[in-house]
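The structure appears below as structure tokens.
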């Protein structure tokens with residue numbers, strides 16, 4: 001348990017170590033797309049940093065199209081983006097990359113509907129996108145190991161515009177925050 005300041009002692013951390021996510025093999029953090037300071041949405045860049053070393057980000061590849069305000073999720077072998085805004089309209093596009101080898105994004109499939117401001121989370125097998133501009137209450141899922149369109153998962157308790165606010169373990173996911 002945490003002490004009175006909410007800080008866990010080393011012995012307590014070790015006691016609960018099996019409950020923490022296993023990040024063995026994760027060596028990169030990726031940044032996808034975005035919006036330029038002049039307001040244009042033509043950033044297709046995928047950049048990365050190596051987590052274990054200090055340094056600037058480097059080129060990883062390109063998305064299939066420039067966009068921002070999309071959800072993202074990953075496991076150890078795939079990172080997937082879903083939805084977003086391309087400067088003229090919301091999109092339902094999903095791209096994926098293998099985080100362990102640089103390269104361009106590849107088409108994964110499509111969300112049920114075109115929207116931005118979604119959130120994503122995943123375990124090793126399944127990825128889930130939820131919410132979006134409107135706001136909407138849609139939750140949909142993919143099987144990360146195979147490409148294809150999303151499938152209906154259920155609904156949020158109310159529509160939310162969620163800006164990448166999701167966290168997950170191997171058995172449970174939580175979406176939090178967002179505008180209703």
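The single condition among (1) more than 25 Å from residue 162 (Cβ to Cβ); (2) without any contact (Cβ under 8 Å) to a residue 24 or more places away in the chain that residue 27 does not satisfy is (2). Of the candidates 104, 69, 98, the single residue that is without any contact (Cβ under 8 Å) to a residue 24 or more places away in the chain and either on the phi > 0 side of the Ramachandran plot or out of contact with any helix residue (DSSP H, G or I) (no Cβ under 8 Å at 6 or more places or on another chain) (or both) is 98.
Flag set for residue 87, criterion: surrounded by fewer than 21 Cβ atoms within 10 Å (Cβ to Cβ) and at pLDDT below 90. Checking each residue in region 92-111 for being in a loop (DSSP other than H, G, I, E, B) and either within 17 Å of residue 62 (Cα to Cα) or modelled with pLDDT under 95 (or both) picks out 98, 99, 100, 101, 102, 103, 104, 105. Put simply, of 6, 55, 33 the only residue that is part of a loop (DSSP other than H, G, I, E, B), over 23 Å from residue 124 (Cβ atoms) and modelled with pLDDT of 60 or more is 55. For region 112-126, which residues satisfy the criterion of being closer than 21 Å to residue 89 by Cβ and assigned to a strand (DSSP E or B)? If the condition is that a residue be closer than 21 Å to residue 89 by Cβ and assigned to a strand (DSSP E or B), then 119, 120 are the ones that fit. All of (1) surrounded by 15 or more Cβ atoms within 10 Å (Cβ to Cβ); (2) at pLDDT 90 or above; (3) under 15 Å from residue 74 (Cα atoms) hold for residue 117 with one exception: (3).
What do you reckon, is residue 112 within 23 Å of residue 162 (Cα to Cα) and more than 14 Å from the chain's Cα centre (by Cα)? In short, yes.
The values are calculated or read from the model by the stated rules, or taken from the named source; none is laboratory data. Everything quoted here is computed from the prediction, not taken from an experiment. Note: ideal-geometry Cβ built from the backbone for every residue, glycine included; neighbour counts use all protein chains shown.
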